[in-house]
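Just below is one structure, and these are the notes that go with it.
The values are calculated or read from the model by the stated rules, or taken from the named source; none is laboratory data. Keep in mind it's a predicted model, so treat the numbers as computed, not measured. Cβ atoms come from the backbone with ideal geometry, glycine included; neighbour counts cover every protein chain shown.
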Amino acid sequence: MPFDPSPKVADLQKRLNAFMDEHIYPNEQRHVDEAEALGPWKVHPIMDELKPKARAAGLWNLFLPESPHGAGLTNLEYAPLCEIMGRSFLAPEVFNCSAPDTGNMEVLARYGTPEQQAQWLTPLLAGEIRSCFAMTEPGVASSDATNIESLIQRDGDHYLVNGRKWYTTNATDPRCRVAIFMGKSNPDNPDRHRQQSMILIPMDAPGVTVLRPLPVFGYYGMPDRASEVMFKNVRVPLSNLLLGEDRGFEIAQGRLGPGRIHHCMRLIGLAERALERMCRRSLSRVAFGKPVAQQGVTVERIAESRIMIEQARLLTLNAAHRMDTVGNKLARTEIAMIKVAVPNMATKVIDWAIQAHGGGGTSNDFGLAHAYAMSRVLRLADGPDEVHRNQIGKLELRKYQCA
């Protein structure tokens, strides 16, 4: 597997780092201040200021390989760029590379009709609107996606949609114009993975109600805009269905593969930032007559952090390489492994960084509390650790089972 970036990727890394230095890092505190002052229901002005700059710099839609609107990068090529963006919560959206829009754009690019793409993909690629993904439900264990109870029922030349969703990121954003909704269209199908469909629902459709923003460890709208949404007798035309009836699970699997790579690479960038802060803080603070950096436990944690980050990065780059060469399905073991390994690594490194900062680490002054919240959430998002470990174990055992 090649590790050295191509000239194209090296150039993008250089330009991306320069943009981060000039525009992202100096505005991080403003981003936090706006998120806290305006909350999850408002547009944060810093985004509208920086997005045109990123687009003008040619640092836009870098994640999308299968579209003339993207940079044409493979998963392996995009991974180090995603890591750079992951160093700051401000960055991904500025470059139009933030979840859930990235996954939704990939779905529309891969499965959408020309009409669906013209209506929704084009403005998403331009950064004119945002979107949400309505899958998780409060009433069932969503770690098993076949548990979904929401319904998509055909009614003449329309579908009638009913369901209650939560952790529907972006729904409170006033720019959110469309939801990709997953529900059961054929609940009696004996194949539990052929019961679901996905459908496009305009957020201003009658019957769609954003009930509330959901706090993530007490944070509203930062690190993301988790939301609870009610869909009650929402009527949408048949043409809004994605791919075909009862193919929702197939779309979900195609959507989540690249998304897991993106989440993991962003977390590696976040962990790198936490390690940097741990080192700088421990060098500048004195306890019991010597710098904290010279205390044995701190040196050991710094060393372990470096080892864990490098292991996680190599594992994730390997998963990206496997996705590029054999496809998402055959790379499912590698994808599942990074989804367990990387959030656990990041949570541990960030926790040690908080410890090195003392009480201040639990405040919002150093960005570590936000970082911990996001890394901990990603042990649940896109499938909890337990589900991925179960899959890894079964795939490993299958190698040794008799035919």
*Kindly state which helices (runs of 4 or more DSSP H) lie completely within the range 1-94 and contain at least 3 residues that are farther than 27 Å from Leu214 by Cβ.*
7-19, 45-56, 75-86
*Do you know which residues across the range 278-300 are aliphatic (A, V, I, L, M) and touching a residue at least 40 places away in the same chain (Cβ under 8 Å)?*
Met278, Val292
*the range 164-183: number of residues that are more than 19 Å from the chain's Cα centre (by Cα) and crowded, with 22+ Cβ neighbours inside 10 Å*: 1
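Considering every residue within the range 282-292, establish whether at least one is of a type in the set (S, T, N, Q) and either assigned by TED's automatic domain parsing to the domain that holds Ala356 or more than 30 Å from Asn186 (Cβ to Cβ) (or both). Steps first, please.
Taking the range 282-292 and keeping what is of a type in the set (S, T, N, Q), we get 282, 284.
Pick out the ones that are also either assigned by TED's automatic domain parsing to the domain that holds Ala356 or more than 30 Å from Asn186 (Cβ to Cβ) (or both) and you get 282, 284.
For the range 282-292, residues of a type in the set (S, T, N, Q) and either assigned by TED's automatic domain parsing to the domain that holds Ala356 or more than 30 Å from Asn186 (Cβ to Cβ) (or both): present.
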*Ser98: assigned to a loop (DSSP other than H, G, I, E, B), of a type outside the set (Lys, Arg) and out of contact with any Gly (no Cβ under 9 Å at 6 or more places or on another chain), yes or no?*
yes
_Hits in the range 348-362 - residues which are surrounded by 19 or more Cβ atoms within 10 Å (Cβ to Cβ) and under 24 Å from the mean Cα position of the chain (by Cα)_ = Val349, Ile350, Trp352, Ala353, Ile354
_Qualifying residue in the range 108-127 (condition: touching a Cys at 6+ places or on another chain (Cβ under 6 Å) and either buried (at least 16 other Cβ atoms within 10 Å of the Cβ) or over 29 Å from Val43 (Cβ atoms) (or both))_ = no
*State the number of residues belonging to the range 72-89 that are under 22 Å from Trp120 (Cβ atoms) and crowded, with 20+ Cβ neighbours inside 10 Å.*
0
_Hits in the range 224-250 - residues which are outside any strand (DSSP E or B) and surrounded by 21 or more Cβ atoms within 10 Å (Cβ to Cβ)_ = Asp224, Arg225, Ala226, Asn240, Leu242, Gly248
*Could you tell me which of the residues Pro215, Pro206 is surrounded by fewer than 21 Cβ atoms within 10 Å (Cβ to Cβ) and modelled with pLDDT under 95?*
Pro215
*Which of the residues that make up the range 227-285 are over 27 Å from Gly361 (Cβ atoms), among the aliphatic types (A, V, I, L, M) and either at pLDDT 95 or above or over 19 Å from the mean Cα position of the chain (by Cα) (or both)?*
Val229, Met230, Val234, Val236, Leu238, Leu241, Leu242, Leu243
*Any strands (runs of 3 or more DSSP E) falling wholly within the range 119-205 and containing at least 2 residues that are free of Cβ contacts under 8 Å to residues at least 60 places away in the same chain*: 130-134, 151-155, 176-184, 196-202
*For Gln311, state whether it is assigned to a helix (DSSP H, G or I) and closer than 30 Å to Gly156 by Cα.*
no
*asked:* Residue pairs, Cβ under 8 Å, 6 or more apart or interchain, first in the range 322-335 and within 18 Å of Cys264 (Cα to Cα) and touching a residue at least 40 places away in the same chain (Cβ under 8 Å), second assigned to a loop (DSSP other than H, G, I, E, B) and of a type in the set (A, V, I, L, M, F, W, C). List them.
replied: Met323/Ala331
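Sort out which residues of the range 365-403 are assigned to a loop (DSSP other than H, G, I, E, B) and touching an Asp or Glu at 6+ places or on another chain (Cβ under 8 Å), and write them in order of number. If you could, list the steps in order and put the result at the bottom.
Let us first name the residues in the range 365-403 that are assigned to a loop (DSSP other than H, G, I, E, B), namely 365-367, 378-384, 399-403.
Within the range 365-403, Gly367, Arg379 meet the criteria.
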*For Gly139, state whether it is touching a Pro at 6+ places or on another chain (Cβ under 9 Å) and closer than 28 Å to Glu228 by Cβ.*
no
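Report yes if Arg322 is in a helix (DSSP H, G or I) and assigned by TED's automatic domain parsing to the domain that holds His263, otherwise no.
Details: in a helix (DSSP H, G or I): yes; assigned by TED's automatic domain parsing to the domain that holds His263: yes.
Spelling it out, Arg322 is indeed in a helix (DSSP H, G or I) and assigned by TED's automatic domain parsing to the domain that holds His263.
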